[in-house]
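Visitor: Sharing a structure below in structure tokens format, with a few things to ask.
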Amino acid sequence: MGKNLAQNILEAHLVAGELTPGKEIAIRIDQTLTQDATGTMAYLQFEAMGIPRVRTNLSVSYIDHNTLQTGFENADDHRFLQTIAAKYGIYLSRPGNGICHQVHLERFAVPGETLLGSDSHTTTCGGLGMIAIGAGGLDVAVAMGGGPFYLTMPKVALVRLKGKLRPWVSAKDIILELLRRLTVKGGVGRIFEYGGEGVRSLSVPERSTITNMGTELGATTSIFPSDAVTRVFLRAQKREKVWRRLEADSDATYDEVVELDLDTLEPLIARPHSPDSVCPVKEVSGLKVNQVAIGSCTNSSYQDLMTVARVLKGKRVHPDVSLVISPGSRQVFEMIARAGALADLIASGARTLESACGPCIGMGQAPSWGGVSVRTFNRNFEGRSGTPNAQVYLASPEVAAATALTGVITDPRTLGKPIRVAIPRIFLVDDSMIIPPAKEPAEVKIERGPNIKPLPIKEPLTESLAGRVLLRVGDNISTDHIMPAGAKILPLRSNIPAIAEHVFAPVDPSFAKRAKELGGGFIVGGTNYGQGSSREHAALAPMYLGIKAVIAKSFARIHWANLVNFGILPLTFLDEGDYERLNPGDELEIAGAREGILKGPTLTVKNLTQGTDFQVKHGLTARQAEILLAGGLLNYTQKGAAA
């Protein structure tokens, strides 16, 4: 029986386990990436391991998130990142060089290799035939030290594409259609592998738009084959030597198959406040819009921005709309400038921002109070834009450009003659803003600003866990709910005592104060708890506040792993009806927790307030149980190194 593409790459990197869905496996990691919002903490963790040099084929540190410098904190972090990269053998992509996923796709991605990144949208490089997975920073730090990455083997679902996209329909509409069908929970425990005749019609940037937003499905990763289209892209990037053909075996089998006819797709849009709240653009056309934002790691490629420029050429942005554009990389920025497209954008009234994440993470360009913003981004969670009551819609660059001209949500098919931008024969290659590591690392002094605080370490798990239910939340709680981003909070990423004050601030501003007063406790959640970003701060800061366990109906993959990594016990209800019976303030106790975790998957929780008890399960492997008992992955790793 033949293997699919994902299985072939995973098998070539397998360190432990077997490729059976639901079983734990360990894989060798070839490349890692970090970004500055997660990187400072990841490198503090790497330092704590005492390893003198990274042991991957390639590790890259990107500065692309915290580039709005309203105080010293972000600039200090950037100096720390530059010096630590120089010392430990890491390449550094300077501020202004671009968004990590766009730059990595252009300059570093290699078909058939594995990439682990401390950002959930690391999956972008699956568009070039990599197994690219987002994870918490501590997992990335371990991989940089040469350790394998452990995960539960996902199911592999084939997305069979047939036909070809019609005019004004884009790759963004493909992934929005999958989100419409499958929801933000539909990819949990799955890898989506794209195949079929329709694959050949999609360029690498288009494929990467799709794999980027596979994260919004909850997928472990998504992947396209490495074929002639991949080769053309790599040749244009002057990296053809890394190309190799990679595809599924002719008799490959899959756990699931999704059929998608590209000929039938139309322009789609995701309504507030979830990426899966998708409908045809025509259903909401005419809605007045205050802002349009084009960019992010999803849609900021040369193809995307040249398309937008050609739509806007010779026209003016509607007077009621603020249009902002963020090129995905310096390569993209300079190429659209040399092509004259940047002048067309400026003449139209567009505001150009630096090549960074910017508005996507609430780092500037917050919409007006209650404003409607159409964005080419990947997430529209409530409050993520920086404005609590903004109404954020997600759409393709074509829809966004049409909307910017008319001032209302507009189907781009009304624009007339379609625009098609091809991959250039040669991209402009200039890696001068990527700094290689120092040749004499011993001479490098690591610079630390006053905002960089020591890494908090959790004690080993206690025999019993007791405390109050501090908060009960509903379904699809995101890491933006737990640990918000934005210009005010992101600069505190290297200062856990300070950032912990903002845990659950969008949901309950009194949470941090109450957690500290009560010495920690429990959080109760619904389904898909912790969806969204890979930010480990959504586990690390609650750990600092004394959170002992999270009891939920189900968890998102990365957040579940982050909870384990920081010694917080993730538990799921055996009977989901018990969720409704728990109230904030209830006193809970898990007696004999250490022994119970080792004995089996089921634990008993006593509700001392109500005089009842209920059953939960932990789902930990023997290795994960040892990590929990040690107080987290860093303790476990240090203990193993000492042994």
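Visitor: Sort through ALA109, ALA42 and tell me the only one that's part of a loop (DSSP other than H, G, I, E, B) and either free of Cβ contacts under 8 Å to residues at least 40 places away in the same chain or within 21 Å of the chain's Cα centre (by Cα) (or both).
Guide: Of the residues listed, the single one that is part of a loop (DSSP other than H, G, I, E, B) and either free of Cβ contacts under 8 Å to residues at least 40 places away in the same chain or within 21 Å of the chain's Cα centre (by Cα) (or both) is ALA109.
Visitor: Among the numbered criteria (1) farther than 26 Å from GLY189 by Cβ; (2) among the hydroxyl-bearing types (Ser, Thr, Tyr); (3) over 24 Å from the mean Cα position of the chain (by Cα), which one does TYR544 miss?
Guide: In the conditions (1) farther than 26 Å from GLY189 by Cβ; (2) among the hydroxyl-bearing types (Ser, Thr, Tyr); (3) over 24 Å from the mean Cα position of the chain (by Cα), TYR544 misses (3) alone.
Visitor: Can you tell me which of (1) more than 15 Å from SER355 (Cα to Cα); (2) in a loop (DSSP other than H, G, I, E, B) is the one SER300 doesn't meet?
Guide: All conditions are met except number (1).
Visitor: Another question about this same structure. LEU345 versus (1) within 17 Å of GLN303 (Cβ to Cβ); (2) without any contact (Cβ under 8 Å) to a residue 12 or more places away in the chain: which is the lone unmet condition?
Guide: The number of the failed condition is (2).
Visitor: Related question: Looking at (1) at pLDDT below 95; (2) crowded, with 24+ Cβ neighbours inside 10 Å; (3) not β-branched (Val, Ile, Thr); (4) not in a loop (DSSP other than H, G, I, E, B), which is the one condition that is false for LEU33?
Guide: (1)
Visitor: With ALA466, ALA498, ALA487 as the choices, which residue is of a type outside the set (Phe, Trp, Tyr) and under 26 Å from SER274 (Cα atoms)?
Guide: It is ALA487.
Visitor: Among (1) assigned to a loop (DSSP other than H, G, I, E, B); (2) among the hydrophobic types (A, V, I, L, M, F, W, C); (3) at pLDDT below 95; (4) farther than 30 Å from ILE627 by Cβ, there is one condition LEU455 misses while meeting the rest; what is its number?
Guide: Answer for LEU455: the failing condition is (4).
Visitor: Would you pick out the residues in the range 7-16 that are under 17 Å from TYR150 (Cβ atoms) and crowded, with 18+ Cβ neighbours inside 10 Å?
Guide: Within the range 7-16, ILE9, LEU10, HIS13 meet the criteria.
Visitor: Test LEU115 against the stated conditions and say whether it is surrounded by 23 or more Cβ atoms within 10 Å (Cβ to Cβ), among the aliphatic types (A, V, I, L, M) and in a strand (DSSP E or B).
Guide: yes
Visitor: Right, another one. Taking the conditions exactly as written (crowded, with 17+ Cβ neighbours inside 10 Å, at pLDDT below 95 and over 30 Å from SER478 (Cα atoms)), does ILE419 satisfy them or not?
Guide: Criteria met by ILE419.
Visitor: Being in the same structural domain as GLU334 (by TED's automatic domain parsing), surrounded by 13 or more Cβ atoms within 10 Å (Cβ to Cβ) and in a helix (DSSP H, G or I): is that true of THR410 here?
Guide: Taking the combined requirement at face value, the residue does not satisfy it.
Visitor: Examine the range 460-480 for a residue that is farther than 24 Å from SER118 by Cα and in a helix (DSSP H, G or I), and state whether such a residue exists.
Guide: no
Visitor: Of the residues LYS606, LYS599, which single one is more than 20 Å from LEU471 (Cβ to Cβ), surrounded by fewer than 21 Cβ atoms within 10 Å (Cβ to Cβ) and not acidic (Asp, Glu)?
Guide: LYS599
Visitor: Being loosely packed, with under 14 Cβ neighbours inside 10 Å, out of contact with any Leu (no Cβ under 6 Å at 6 or more places or on another chain), of a type outside the set (Val, Ile, Thr) and farther than 30 Å from VAL284 by Cβ is the requirement here; does LYS445 meet it?
Guide: Taking the combined requirement at face value, the residue satisfies it.
Visitor: Determine, yes or no, whether GLY386 is among the small types (Gly, Ala, Ser) and under 30 Å from GLY631 (Cα atoms).
Guide: Answer is no for this residue.
Visitor: Restricting to the range 486-531, and then to whatever is in contact with a His (Cβ under 8 Å, 6 or more places away or on another chain) and part of a loop (DSSP other than H, G, I, E, B), can you tell me which residue is surrounded by the fewest Cβ atoms within 10 Å (Cβ to Cβ)?
Guide: VAL507
Visitor: Regarding GLN69, is this residue of a type outside the set (Phe, Trp, Tyr) and free of Cβ contacts under 8 Å to residues at least 12 places away in the same chain?
Guide: Spelling it out, GLN69 is indeed of a type outside the set (Phe, Trp, Tyr) and free of Cβ contacts under 8 Å to residues at least 12 places away in the same chain.
Visitor: Assigned to a helix (DSSP H, G or I) and of a type in the set (Val, Ile, Thr): which single residue out of THR572, THR637, THR604 fits that description?
Guide: Exactly one of THR572, THR637, THR604 is assigned to a helix (DSSP H, G or I) and of a type in the set (Val, Ile, Thr), namely THR637.
The values are calculated or read from the model by the stated rules, or taken from the named source; none is laboratory data. Not measured: the values here are computed from a predicted model. Cβ atoms come from the backbone with ideal geometry, glycine included; neighbour counts cover every protein chain shown.
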